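Trainee: Below is a structure I'd like to ask you about.
No value in this document is a laboratory result; all are computed from the given coordinates. In this text, all values refer to a predicted model and were calculated from it rather than measured experimentally. Reconstructed Cβ throughout: ideal geometry from the backbone, glycine too, with neighbour counts over all protein chains shown.
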Amino acid sequence: MELLERYLAAVTAELPADKQHDIIRELRANLLDQIEAQQQDGPLDDIQLSQLLLQQGHPIDVAQRFAPSAPLIASEDMPLYKTVLWHGAALMAVIALLKSLGGLVLADSINPVRLLLQLGFSFIDNFATLLLVVTAIFYGAGQAGWTKEWRQRQWHPARLPRYPLARMKLSDSITDLTSALFLLLLLWTPLWLSVEAQQHLPVRLADGMEHWRYLLTVFAALSAVFACYRLTQFSWQRWSKWCYILDHLVFAVIFAAMALQRDVFAAPEQFSDGARFFWTHAAGSISYILLATAVVLLLLAANEYRQLRRL
């Protein structure tokens, strides 16, 4: 029985101190019952006992079956956790790209190899911070029971959606939140770009057009708040769907108005090679990009209205 005692000792080493006695007593009884059942034809030798213990599994696995360790992120929270990480990674990638392009513009050099290296290191640095922060938040929220409350939000049989389309998609809410935050980053580059880098940006709002910055800031902030609110809801209501449609229409009107107005954007104060190339070949496409964005938003609003009629 030396093998049995060594096996039980290995399992004991992997168990919490306060649970070792009860679990080992139960495990010992189970193993002795199995050994007794196989000893009908005679005592087990070391080879047969080894086969029996191998069937039980590795001591670490056995200890986890009896006293599983609490994971950092509960399995029920993994869909939200992965969605937040994916969209956060996309936002970090955009920020890294903007910073890398800003560095190249500041250096007055368009070097693809340097761009890729700067982009890669900047993204890894940003994503590592994001991963630590998001994991810590989810762990703390899970320990406090907040994520369980969020999963069971608005839960009542009478509130379950009548149609599949009435259920709010988590990915859509986080996508809208990420888009609103990205727009705010673009609008307020003075808060996170140096003055010298801003002077080399390939495009900026012209003098007298600052009202567009403030107008977009207000509606982008409202859109972000509304997206955060939707994260607390389970299904669409008619009023919330109307607000979502209005959100699309407001941005469509603003982008269309900016596209149709002349001289909304101005050339940078200091021309670099990249800025000169942009204003020579691509400056005229800004209006078309804004118009195309407005059309897409109108189509999305029309699709949301069709869903509204079924609520």
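Trainee: Please list, ordered by chain and number, the residues whose modelled amide H lies under 5 Å from the amide H of residue 19; skip anything fewer than 5 residues away on the same chain.
Mentor: none
Trainee: List every residue whose amide H lies under 5 Å from the amide H of residue 204, counting only residues 5 or more places away in sequence or on a different chain, with H placed 1.01 Å from N in the peptide plane.
Mentor: Here 266 satisfy the definition.
Trainee: State, to one decimal in nm, how far the label point of residue 69 lies from the label point of residue 303, with both points 7 Å from Cα in the Cβ direction.
Mentor: The answer from the label model is 4.4 nm.
Trainee: Taking θ as phi - 60°, what are the ³J(HN,Hα) couplings along region 286-302 by the Karplus curve (6.51, -1.76, 1.60), each to the nearest whole Hz, with x for Gly and Pro?
Mentor: So the J values, rounded to whole Hz, are 4, 4, 5, 5, 5, 5, 4, 4, 4, 5, 4, 5, 5, 5, 5, 5, 5.
Trainee: For region 2-66, what does the relative contact order come out to in percent, with C-alpha contacts under 8 Å and a separation of six or more?
Mentor: Here the relative contact order equals 56 percent.
Trainee: List the residues of region 111-148 whose backbone N lies under 18 Å from a point placed 7 Å from the Cα of residue 232 along the Cα-to-Cβ direction.
Mentor: Within reach of a label on residue 232, which here means backbone N under 18 Å from a point 7 Å along Cα→Cβ, region 111-148 contributes 141-142, 145-148.
Trainee: Starting from the amide H of residue 235, placed 1.01 Å from N in the peptide plane, find each other amide H under 5 Å away whose residue is 5 or more places distant or on another chain.
Mentor: Hits under the 5 Å cutoff: 168.
Trainee: For region 64-77, in order, what is each residue's ³J(HN,Hα) by Karplus, 6.51 cos²θ - 1.76 cosθ + 1.60 with θ = phi - 60°, in whole Hz (x at glycine and Pro)?
Mentor: 5, 5, 7, 9, x, 6, 6, x, 4, 10, 5, 4, 5, 8
Trainee: Within 10 Å of each residue's Cβ, count the other Cβ atoms and sort 22, 207 from fewest upward.
Mentor: Fewest to most other Cβ atoms nearby, the residues stand as 207, 22.
Trainee: For the residue pair residue 54 and residue 257, what label-to-label distance in nm results when each label sits 7 Å from Cα along the Cα-to-beta-carbon direction?
Mentor: Each label point lies 7 Å from its Cα, and together they span 7.7 nm.
Trainee: Now a separate question. Using the number of other C-beta atoms within 10 angstrom as an exposure proxy, rank 1, 209 with the fewest first.
Mentor: By the 10 Å Cβ count, ascending: 1, 209.
Trainee: With each label point set 7 Å from Cα along the Cα-Cβ vector, what nm distance links residue 239 and residue 124?
Mentor: Going from the residue 239 label point to the residue 124 one covers 5.0 nm.
Trainee: Further question: How would you classify region 71-152 from its alpha-carbon gyration tensor, with a ≥ b ≥ c the square roots of the eigenvalues: rounded for a/c under 1.5, else prolate if a/b is greater than b/c, otherwise oblate?
Mentor: prolate
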